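Take a look at the structure set out below.
The values are calculated or read from the model by the stated rules, or taken from the named source; none is laboratory data. Just so we're clear, the structure is a prediction, and the values are computed from it rather than from any experiment. Neighbour counts are summed over all protein chains in view; Cβ atoms, including those assigned to glycine, are modelled from backbone coordinates with ideal geometry. Just so you know, the surface numbers come from the protein's heavy atoms only, side chains and all, with ligands and any DNA or RNA stripped out. Shrake-Rupley method; radii C 1.70, N 1.55, O 1.52, S 1.80 Å.
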Amino acid sequence: GLKRKIDTLDNYTYHGHVSEERLKEMYREMRMVVSPIRYGAGSKGKIAHSMMHGIPNITTHVGSEGMGIPAECIRVVKLEEFNSELQEIYNDIETLDMMAKKSKVFARKAFSVDNINNIIKNKFGFT
């Protein structure tokens, strides 16, 4: 399966399920989150979660669709340009630092429990 394929690659580690505490440790060790999403929505929560911890993200239009993330907080690229964009941004520490700061501020406001509750209340007319 996937683990076997990833284990054959240099500089990649398949972690499987990790605890919240281990995930926080991993966030402190990583430079960015890479999400080349072609379809589906499961990774969107992971994008929002990593942004709340100040980790810059690169994803496709599908990965950020419907999340309302400002352009300065995330790098959104076409799937066919993903590799070249990833190589370009990976070593641009200044841009990654700026994205980290802005994405953390945005995510902590936009994806907070209070904000989500307000969105639901407004959408469905709850008081």
Taking region 1-37 and keeping residues open to solvent by 50 Å² or more (accessible area, probe 1.4 Å) and either closer than 22 Å to PHE106 by Cβ or of a type in the set (S, T, N, Q) (or both) leaves THR8, ASN11, THR13, SER19, GLU20, LYS24, ARG28, MET30, ARG31, VAL34, PRO36
When region 56-92 is checked residue by residue, the ones that are open to solvent by 80 Å² or more (accessible area, probe 1.4 Å) and either assigned to a loop (DSSP other than H, G, I, E, B) or over 15 Å from SER35 (Cα atoms) (or both) are GLU65, GLY66, ALA71, GLU72, LYS78, GLU88, ASN91
Given (1) within 22 Å of TYR12 (Cβ to Cβ); (2) out of contact with any Lys or Arg (no Cβ under 8 Å at 6 or more places or on another chain); (3) open to solvent by 60 Å² or more (accessible area, probe 1.4 Å), GLY40 misses just (3)
Among residues of region 25-54 being under 14 Å from the mean Cα position of the chain (by Cα) and among the charged types (D, E, K, R), the residue nearest to GLY66 (Cα to Cα) is LYS44
In region 49-79, anything of a type in the set (Val, Ile, Thr), over 18 Å from LYS102 (Cβ atoms) and touching a strand residue (DSSP E or B) at 6+ places or on another chain (Cβ under 7 Å) is listed as THR60
Checked region 100-127 for anything assigned to a helix (DSSP H, G or I), at pLDDT below 95 and either open to solvent by 100 Å² or more (accessible area, probe 1.4 Å) or over 26 Å from GLU72 (Cβ atoms) (or both); matches are ARG108, LYS109, VAL113, ASP114, ASN117, ILE120, LYS121, ASN122, LYS123, PHE124
